[in-house]
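A.B. asks: So that we are looking at the same thing, I have put the structure below in structure tokens.
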């Protein structure tokens, strides 16, 4: 039933070469699609066990800082993006009372729209970023865990921590072919009210099909260094990273 | 001016035209999230009655967003053509609906006289069938290497995205699309990263495929306009310049753009003279909720903000405008019903304002929608004369993680409604042995030379 070029699927997860029944997709392809949609729907509503993630971090010698948004459940998370962009009162007061120390960057991790993504790739990506930052001599503040957050939460946390660059790792919305993809957003001079024009984004971090941890971490370190040097981020900061940039650093 | 009415002893009052527009909008999550929506169905119905009585010229006299603080408002007032407005100058919003439905002629002469807010206002008191019937009478054609939007035609954007921009994976999806007759609106890649070298490689790949196989279509890598400008400076083969746009200056600023940067990009792309059939070089995408998402809506409802984005679009005489209707998520359009309504509104407003309007008929997995809702909107937009739709392998975008329409879906609509591809592209499909001369896939298309040429994924830079 499939088309002669079905074998080209070795180059892509895209649903190519499906064949056809008249103008429509053949029954088996249709039912595979329905199953994939059902799985993606379930993935959206899966909550995040942040305690388990914190323990796994601690076991790797990384100290988590647990924060919260005012959102209690997934239903509300989907309907109120505004609430996902701010801390709850207790978290805000805690960060305000903390002694301010100067760091280059803060790192925030949230399940976003896919708890599966952060469970599957979060820790490994975090380790790769910590390693890349240390090779670039970038100082990293506390790693914050904030369930049910939106990207702009990085502005409030970054502002309260007084860092130059705020980085948030979030689970991207589940697709049919991948429900476990992470995105990373970088903002220079994080302040409440920043728009997306001042953010740089890396998406589709989900090895082996998507971006690898090392490639994502190297690019993030490159963008962080550029942001610090030029005092900006977002559309004005073009990604012109040379190949093997991180590897070449040690040889300078 | 205050708008008020008493219904069954209960008084309803709306402080200004902007609030009246918002309260009269058919229900959607974006306006509820912004706190602008009607609080009851009765309040909505009353607002619609009051809006119907408002004279159209009020939108000129009482701008919803002050021109002093918004360059899109200034643009809208500059664009408004008094002569073209004459036939409807004395009408109310309700009278305008009746006028649109009573006539049966081509409506394209009206576009320069209309402000986006007038189109948005009348759409709010129109039923879905009204939106379809009137849009069908707005013919808009545009040209680059082929002709988009002729009567009885439906074009498709071939969207061969890949999560890591792997050229072989992208080429495989392009082959799939071409073998199913897709790609006359544009072969357009959303890049996974905006890295300059990466985008340059993709532009070169598309250019080589189009030239090697002499495909009468155009390419686009949907990167930020400033990336396209930089790559044109570096000599990259840019056919169309892409940009997401919105209906307020502040929302556009959140995208990192303004009108000046769009003018610069358009002039640069035009100077490359890569078209042939025409030189319309801009490709815009929009979507209800973008102004709210940037906290830049000035108290204007999502659908009216969207219509205002079309004023930005028409300033640049684009080849393609695409409302990506269900892309952002349920916080803006909650379910299939809201997505379908918004798709019809956007297509109607865009066409009425003179734009080559296509629709990315789509939904995300966190919305209360499925492929059946997309089938409904696809069929309705086909009837409404939509200029083009998306073509994605099996509807599943493996990079952007959402579902749209497939190559198969376009074939369904072609067969159902007798809609053919752009004439230049249709000729090519027949020459290649992919279509059979009767607007159908050819039985022996597996013998098409394209397939053997692609079998080693020829067209890739070696």
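The values are calculated or read from the model by the stated rules, or taken from the named source; none is laboratory data. Here the structure is a predicted model, which is why all the values come from computation and not from measurement. FYI the Cβ positions are ideal-geometry reconstructions off the backbone, even for glycines, and counts take in every protein chain you see.
A.B. asks: So residue A:64 ticks every box in (1) in contact with a helix residue (DSSP H, G or I) (Cβ under 6 Å, 6 or more places away or on another chain); (2) within 14 Å of chain B (Cβ to nearest Cβ); (3) over 28 Å from residue B:290 (Cα atoms) but one. Which box is left unticked?
C.D. replies: (2)
A.B. asks: For the range B:149-169, enumerate the residues that are within 11 Å of residue A:12 (Cα to Cα) and out of contact with any helix residue (DSSP H, G or I) (no Cβ under 7 Å at 6 or more places or on another chain).
C.D. replies: Answer for the range B:149-169, where residues must be within 11 Å of residue A:12 (Cα to Cα) and out of contact with any helix residue (DSSP H, G or I) (no Cβ under 7 Å at 6 or more places or on another chain): B:161, B:163, B:164.
A.B. asks: I need a count of the residues in the range B:203-235 that are within 25 Å of residue A:216 (Cα to Cα), surrounded by fewer than 21 Cβ atoms within 10 Å (Cβ to Cβ) and away from chain A (no Cβ under 14 Å).
C.D. replies: Result for the range B:203-235: 1.
A.B. asks: Ok, one more. Would you check which residues across the range B:418-445 are part of a helix (DSSP H, G or I) and surrounded by 14 or more Cβ atoms within 10 Å (Cβ to Cβ) and list them?
C.D. replies: B:423, B:424, B:425, B:426, B:427, B:428, B:429, B:430, B:445
A.B. asks: A further question follows. Would you pick out the residues in the range B:173-196 that are over 15 Å from residue B:396 (Cα atoms) and touching a residue at least 60 places away in the same chain (Cβ under 8 Å)?
C.D. replies: B:175, B:178, B:179, B:180, B:181, B:182, B:183, B:184, B:185, B:186, B:188, B:192, listed by residue number.
A.B. asks: Okay, next question. Looking at the range A:80-96, which of its residues are part of a loop (DSSP other than H, G, I, E, B) and either closer than 17 Å to residue A:191 by Cα or free of Cβ contacts under 8 Å to residues at least 60 places away in the same chain (or both)?
C.D. replies: A:80, A:82, A:86, A:87, A:88
A.B. asks: Then there is this: Might you let me know whether the range B:366-381 holds any residue that is more than 10 Å from every other protein chain (Cβ to nearest Cβ) and under 15 Å from residue B:138 (Cβ atoms)?
C.D. replies: Yes, the range B:366-381 contains a residue that is more than 10 Å from every other protein chain (Cβ to nearest Cβ) and under 15 Å from residue B:138 (Cβ atoms).
A.B. asks: Where residues in the range B:160-178 are at negative phi, more than 7 Å from chain A (Cβ to nearest Cβ) and in a loop (DSSP other than H, G, I, E, B), which of them is surrounded by the most Cβ atoms within 10 Å (Cβ to Cβ)?
C.D. replies: B:160
A.B. asks: Working only within the range B:115-136, note down all residues that are in contact (Cβ under 8 Å) with a residue 60 or more places away in the chain and not in a helix (DSSP H, G or I).
C.D. replies: Within the range B:115-136, B:115, B:125, B:126, B:136 qualify.
A.B. asks: Right, next: Among (1) part of a helix (DSSP H, G or I); (2) more than 10 Å from chain B (Cβ to nearest Cβ); (3) closer than 20 Å to residue A:166 by Cβ; (4) touching a residue at least 60 places away in the same chain (Cβ under 8 Å), which single condition is residue A:109 missing?
C.D. replies: Failing condition for residue A:109: (1).
A.B. asks: Might you let me know whether the range A:118-126 holds any residue that is at negative phi and assigned to a loop (DSSP other than H, G, I, E, B)?
C.D. replies: No, the range A:118-126 has no match at all.
A.B. asks: Right, something else. Looking at residue B:39, is it without any contact (Cβ under 8 Å) to a residue 40 or more places away in the chain and either in contact with a strand residue (DSSP E or B) (Cβ under 7 Å, 6 or more places away or on another chain) or in a helix (DSSP H, G or I) (or both)?
C.D. replies: So residue B:39 fails the test.
A.B. asks: Can you tell which of A:240, A:196 is modelled with pLDDT under 95, touching a helix residue (DSSP H, G or I) at 6+ places or on another chain (Cβ under 7 Å) and under 23 Å from residue A:117 (Cα atoms)?
C.D. replies: After ruling out the rest, the residue left standing is A:196.
A.B. asks: Residues of the range B:288-304 being more than 14 Å from every other protein chain (Cβ to nearest Cβ), under 14 Å from the mean Cα position of the chain (by Cα) and not in a loop (DSSP other than H, G, I, E, B), which ones?
C.D. replies: Answer for the range B:288-304, where residues must be more than 14 Å from every other protein chain (Cβ to nearest Cβ), under 14 Å from the mean Cα position of the chain (by Cα) and not in a loop (DSSP other than H, G, I, E, B): just B:303.
A.B. asks: Let me ask something additional. Residues A:99, A:70: which one is over 30 Å from residue B:292 (Cβ atoms) and part of a loop (DSSP other than H, G, I, E, B)?
C.D. replies: When all the criteria are applied, what remains is A:99.
A.B. asks: Which of the strands (runs of 3 or more DSSP E) contained wholly in the range A:140-216 include at least 2 residues that are within 14 Å of chain B (Cβ to nearest Cβ) and either under 27 Å from residue B:363 (Cα atoms) or free of Cβ contacts under 8 Å to residues at least 24 places away in the same chain (or both)?
C.D. replies: Qualifying strands (runs of 3 or more DSSP E): A:165-171, A:182-188, A:199-205.
A.B. asks: Also, quick follow-up: Taking the range A:1-28 only, how many residues are in contact with a strand residue (DSSP E or B) (Cβ under 9 Å, 6 or more places away or on another chain), facing another protein chain (nearest Cβ under 7 Å) and either in a helix (DSSP H, G or I) or within 21 Å of residue B:161 (Cα to Cα) (or both)?
C.D. replies: 5
A.B. asks: Okay, next question. Just to be sure I understand the filter: pairs with C-beta atoms under 6 Å, separated by 6 or more residues or on different chains, first member in the range A:224-252 and under 15 Å from residue A:166 (Cα atoms), second member modelled with pLDDT under 90. Which pairs pass?
C.D. replies: Sorted first by the residue in the range A:224-252, then by its partner, the pairs are A:234/A:197.
A.B. asks: So, one more: Restricting to the range B:325-365, give me the number of residues that are in a loop (DSSP other than H, G, I, E, B) and either within 13 Å of another protein chain (Cβ to nearest Cβ) or touching a residue at least 60 places away in the same chain (Cβ under 8 Å) (or both).
C.D. replies: Residues meeting the conditions: 16.
A.B. asks: Please report, ordered by residue number, the helices (runs of 4 or more DSSP H) entirely within the range B:179-280 with at least 2 residues that are in contact with a helix residue (DSSP H, G or I) (Cβ under 7 Å, 6 or more places away or on another chain) and under 22 Å from residue B:428 (Cβ atoms).
C.D. replies: B:196-212
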